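Asker: First the structure, which I've put down as structure tokens, then a few questions once you've had a look.
Just so it is clear, none of the values below were taken in a lab; they were calculated from the coordinates. Small disclaimer: the values here were computed from a predicted structure and weren't measured. A quick note on method: Cβ atoms are made from the backbone with ideal geometry, for glycine too, and the neighbour counts reach across all protein chains shown.
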Amino acid sequence: NAGVTQTPKFQVLKTGQSMTLQCAQDMNHEYMSWYRQDPGMGLRLIHYSVGAGITDQGEVPNGYNVSRSTTEDFPLRLLSAAPSQTSVYFCASSDVTPITEAFFGQGTRLTVV
Amino acid sequence: GENVEQHPSTLSVQEGDSAVIKCTYSDSASNYFPWYKQELGKGPQLIIDIRSNVGEKKDQRIAVTLNKTAKHFSLHITETQPEDSAVYFCAASKGPGGSYIPTFGRGTSLIVHP
């Protein structure tokens with residue numbers, strides 16, 4: 001099993017550009033979630049999904065969209081990138097809740113200039 | 001909302017010593033407390049977790065204790081090794097039936113000197 005796979009690993013965007021961060025898991029987990037990690041801070045939940053077709057907002061959802069069309073994939077869309085979205089983004093999956101016994105991907109380092 | 005404080009922010013120990021990291025939380029309804037280890041350039045990895053109906057849990061050199069009355073929980077690593085060097089995060093959440101949004105501590109950088 002590959003676990004949780006995120007692409008790309010690094011990305012530089014200009015302010016106002018849009019992009020999609022990809023996340024895929026092969027563990028058949030119902031729960032998937034997106035976190036951002038900023039220097040000196042813990043992870044903060046952006047959006048999560050409790051199953052295909054069902055998503056909900058986390059702590060910091062503004063500026064991000066998600067969809068869950070399949071159990072395996074949970075892409076995160078930045079509609080109009082802002083410098084405040086410069087961060088490391090982690091996708092996670094679990095079969096209990098978004099944080100319970102969660103498996104994390106390797107992360108995407110995003111810089112918005 | 002929930003607030004999680006984690007201390008210390010940096011912990012330096014000699015190989016073979018024990019290391020203790022402590023987290024306090026504010027919401028008495030929180031019932032699930034995981035600990036994650038994050039190595040440089042990698043994603044967090046769950047190393048141990050505890051639920052509110054348990055006071056202590058051990059897994060080889062790692063243990064977690066929970067004091068619900070005082071609202072704090074601690075990570076204990078015995079016989080530390082250089083490969084234990086990483087950033088450790090605690091978190092608190094309400095789990096199934098409550099809000100799914102976890103609150104993380106700011107992390108502790110553990111340095112184990114050979």
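Asker: Using a cut-off of 13 Å between alpha-carbon atoms, which aspartates and glutamates can reach B:K58, once sequence neighbours fewer than 8 places away in the same chain are excluded?
Answerer: Candidates past the 8-residue exclusion: B:D49.
Asker: Cut-off 10 angstrom, C-alpha nodes, Gaussian network model of chain B. Which of B:K68, B:K42, B:K22 fluctuates the most?
Answerer: Among B:K68, B:K42, B:K22, the largest GNM mean-square fluctuation belongs to B:K42.
Asker: With no solvent and one point on each alpha carbon, what is the Debye value of log10 I(q)/I(0) for the protein assembly as shown at q = 0.11, 0.13, 0.18 Å⁻¹?
Answerer: -0.54, -0.75, -1.32
Asker: At a Förster radius of 30 Å, what calculated FRET efficiency corresponds to the Cβ-Cβ distance of A:S69 and A:V12, to the nearest 0.05?
Answerer: Between A:S69 and A:V12 the formula returns 0.60.
Asker: Suppose R0 equals 35 Å. What FRET efficiency, 1/(1 + (r/R0)^6) with r the Cβ-Cβ distance, do A:D95 and B:Q60 give to the nearest 0.05?
Answerer: That gives a FRET efficiency of 0.90.
Asker: Still on this structure, I have one more. For B:I111 and B:T69, what does the FRET efficiency come to when R0 = 35 Å and r is the distance between their Cβ atoms, rounded to the nearest 0.05?
Answerer: That pair, B:I111 with B:T69, gives E of 0.60.
Asker: Let me ask something additional. Taking the range B:22-114, which GluC sites (Glu not before Pro) meet the DSSP loop condition and have no more than 14 other C-beta atoms within 10 Å?
Answerer: Within the range B:22-114, the qualifying GluC sites (Glu not before Pro) (loop, at most 14 other Cβ atoms within 10 Å) are B:E39, B:E79.
Asker: Which of the lysines could a cross-linker span from B:K94 if the Cα-Cα distance has to be under 17 Å and same-chain partners fewer than 8 positions apart are dropped?
Answerer: B:K68, B:K71
Asker: Quick one: Cα centre-to-centre distance for the range A:31-81 and the range B:1-18, in angstrom?
Answerer: About 28 Å separates the Cα centre of the range A:31-81 from the one of the range B:1-18.
Asker: Please report the net charge: other residues with Cβ closer than 12 Å to the Cβ of B:N67, K and R +1, D and E -1.
Answerer: Around B:N67, the charge tally is +2.
Asker: Also, quick follow-up: Which net charge results for the neighbourhood of A:D56, defined as the other residues with beta-carbon distances under 14 angstrom from its beta-carbon, given Lys and Arg at +1 and Asp and Glu at -1? Provide the component values of the computation, followed by the final result.
Answerer: Working: positive: A:R68; negative: A:E30, A:E59.
Around A:D56, the charge tally is -1.
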